[in-house]
Amino acid sequence: MQNSNPLAPPAAAPPLPPALWALMSGNLVIGTGVMAVAGTLPSISADLGVSVPAVGQLITAGAVLMCLAAPLAAGVVAGWDRRRLLAASLLWYAMLHAASALMPSFGALLPTRVLAMLAPAIFTPQAAACVGLLLPPEQRGRGITFVFMGWSVASVLGMPLAAWLGGHYGWRAAFWLVAVSSVAVAVWVWRTMPNGIRPAALSRSAWANTLSSPAIMGCIAVTALYSGGQFVLFSYFAPYYTQVLQLNATQLSLLFMWFGAFGWLGNWWMARHIDRIGAPRSVAMAIMAIALSLLLWAASEWGLWAAALVMVPWALGCFAANSAQQARLVGLAPALAPGSIALNTSAMYLGQGLGAATGGALIAQGLLLHLHWVGLAVMLVALAGSALATRAARRLAT
């Protein structure tokens, strides 16, 4: 008799293919590069002589490019062998991060950094789309959350290390770290991914079905909302904690590592339980956890340990929400997954860009200490939107 308790310990699962470890590591490098600016923002500002909101444009501009490129790339690369595509995207990431580290001014850094963001627009959604061809249907939720776990590991190791390097050796050292790591993981992907993995290209009718589905597009809108709500404040963690708690580079990197550790834990728990508790419920749980941290955020001003405790629910939900959303979309329409995941990735990056831009505009008005209220309002809208998307999916199923 099947266990009906969704919170019961899971039965032993078969081991994942080696290729999924390489794809997870690819997301680790991708996530480290995407978050490197947030971790090194004070260093970039001081070195290049530009304001904190101006440096925040690196996040916004890169996110806009990723938003536009993800769905476009899904159509362009539809017939490409994923072994070659994913390895090449990581090599592109390496080359452009190395070039960014050599840029002498902010004006030169901005376009170089933006071009580097083509790699996340391709790698993350296409890696997730590959899972359906590497695993049987009953393991796909677990596989997708595992591959996306690379982003949470990036917050445990990559972003804190980037922040530490930025504080002690300058932001360029952090960018070199991303460049070298990208080459190493590109080789790993090349060696472990099988040849001939080519998700079917989406036809015009498939794209039309994706774009006209209230359930799918509702989920994608939720991704944009909760990503934006987070990045209003997340983009400016470094200057926030530097101003409020006067943290040095080592303390800041340890705080990022604390956040990342709980982010990994939340994603790990999600990977083990999502196939049994259901993706829609998982998304709602993650959004509520983030909203709780934002509600209590003012307590961060009481001291370092208060700040560390307040961010725990946010960390638990942050990356778990993204993993659950991807699994949710695959479950809604497996045949449309290459397009829906690409659009979801686009929405995630759009939200990040809009959130970073909103946060920068508020900081320019002297409202750094009030960013969490804006983020909380957006998260509550995202929670309501997720409930509506679930209702639309149930109507579709009946």
* What residue among V64, V283, V222 shows peak mean-square fluctuation when the chain is described by a Gaussian network model with Cα springs under 10 Å? -> V64
* Asked: Tell me, V29, V156, V187, V50 in order of fewest to most beta-carbon neighbours within 10 Å?
  -> V187, V50, V156, V29
* Let me have the relative contact order for the stretch 18-397, percent, based on Cα pairs under 8 Å that are six or more residues apart. => 29
* For the stretch 208-224 and the stretch 262-292, what is the separation of their Cα centres, given in Å? -> 20
* What residue among L304, L23, L343 has the largest mean-square fluctuation in a Gaussian network model of the chain, using Cα springs under 10 Å? -> L304
* Just how far, in whole angstrom, is the stretch 324-398 from the stretch 48-87 if you go by their alpha carbon centroids? -> 18
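By per-residue mean of other Cβ atoms within 10 Å, what is the highest-first order of 293-303, 327-337?
Ranking the peptides 293-303, 327-337 by packing returns 327-337, 293-303.
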* Structure fact -> Candidate span helices, the chain: DSSP H, at least 18 Å along axis from Cα coords, Kyte-Doolittle average at least 1.0, result 18-48, 52-76, 118-134, 171-192, 214-234, 279-295, 371-397
* **Label selected from (i) 57, 41, 39; (ii) 65, 61, 49; (iii) 75, 55, 40, the criterion being Cα extents along the principal axes in Å as computed here** => (i)
* Structure fact -> Taking Cα atoms only, Rg over Rh for the stretch 238-397 with Rh from the Kirkwood formula is 1.00
* Structure fact -> Ranked from fewest to most other Cβ atoms within 10 Å of their own Cβ, R142, R395 fall in the order R395, R142
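Values quoted throughout were computed directly from the atomic coordinates according to the rules given, and no laboratory measurement underlies them. Quick caveat, the model's predicted, so the values are computed rather than measured. Counting neighbours? That spans all protein chains shown, and the Cβs are built from the backbone with ideal geometry, glycine included.
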